[in-house]
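Data block below; observations after.
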Amino acid sequence: MYHIKPISAEETYPVRQPVLREGKPLEACSFPGDLEESSFHLGLFYNVQLIGVASFIKNKSQLFSEENQYQLRGMAILKEFQKKGLGKRLIDEAEIILARNKTKILWFNARENAVPFYKNKGFHVLGDSFNIPDIGKHYSMYKEF
Ligand SMILES: CC(C)(COP(=O)(O)OP(=O)(O)OC[C@H]1O[C@@H](n2cnc3c(N)ncnc32)[C@H](O)[C@@H]1OP(=O)(O)O)[C@@H](O)C(=O)NCCC(=O)NCCS
């Protein structure tokens, strides 16, 4: 009944918007790199309903020297489906794809509230917190493969 499959950047908007860009226009749901050929977007479905999304953009952070890096963006599960182990399934699926791509580092800027979720999945915090205007306190996080 739950399944994960690749979707387009635009198909992520109905989950990105209420969870990550509440009250903002649809244009605010587009992220740099979304449409690059190396990017991929995963959708988690409950039957036919899209309830979770995560996007993976090939983007090098200066924090790491490795060549093959991906950035996680727009990780979101609809509120009524959170805390059921679904975010965890989305990350597990992505890690299989990233390992196949020979990705060395997956990094991202995590919202403060989501840091415990990512730590639970084996990601590490790097450095101090920083503010992203309109969104709040974030931490750089990563996992090395
Ligand atoms: C963060 C988010 C993606 C996590 O997905 P989820 O489906 O709710 O998380 P899961 O149920 O898979 O959680 C997996 C584990 O992390 C823990 N966890 C999840 N969110 C947590 C939180 N905020 N604080 C502490 N632990 C948390 C769960 O208890 C679970 O632990 P367990 O395996 O020991 O039982 C989701 O809650 C969400 O969309 N939040 C709002 C948007 C957001 O903050 N996105 C991240 C942007 S960086």
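The values are calculated or read from the model by the stated rules, or taken from the named source; none is laboratory data. Values in this document were obtained by computation on a predicted structure and should not be read as measured data. When we count neighbours, we look across all protein chains shown, and the Cβ atoms used for this are built from the backbone with ideal geometry, even at glycine. Heads up: the accessible areas ignore ligands, DNA and RNA and are worked out on the full protein's heavy atoms, side chains in. Shrake-Rupley method; radii C 1.70, N 1.55, O 1.52, S 1.80 Å.
Per-structure values
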item: Which numbered condition ASN109 misses (of (1) at pLDDT 95 or above; (2) more than 8 Å from the ligand (Cβ to nearest atom); (3) under 17 Å from ARG21 (Cα atoms)); result: (2)
item: Per-region count, the stretch 79-94, residues open to solvent by less than 40 Å² (accessible area, probe 1.4 Å), more than 20 Å from TYR139 (Cβ to Cβ) and part of a helix (DSSP H, G or I); result: 2
item: Whichever residue in the stretch 114-130 is surrounded by fewer than 16 Cβ atoms within 10 Å (Cβ to Cβ), under 21 Å from ASP92 (Cβ atoms) and free of Cβ contacts under 8 Å to residues at least 24 places away in the same chain and, among such residues, is farthest from the ligand (Cβ to nearest atom); result: HIS124
item: Flag for ALA76 being in contact with a Lys or Arg (Cβ under 8 Å, 6 or more places away or on another chain), open to solvent by less than 20 Å² (accessible area, probe 1.4 Å) and of a type outside the set (Ser, Thr, Tyr); result: yes
item: Verdict on GLY87 being within 24 Å of ALA28 (Cβ to Cβ), near the ligand (Cβ under 6 Å from one of its atoms) and at pLDDT 95 or above; result: yes
item: Qualifying residues in the stretch 5-64 (those that are without any contact (Cβ under 8 Å) to a residue 24 or more places away in the chain and in contact with a strand residue (DSSP E or B) (Cβ under 6 Å, 6 or more places away or on another chain)) - the one surrounded by the fewest Cβ atoms within 10 Å (Cβ to Cβ); result: SER38
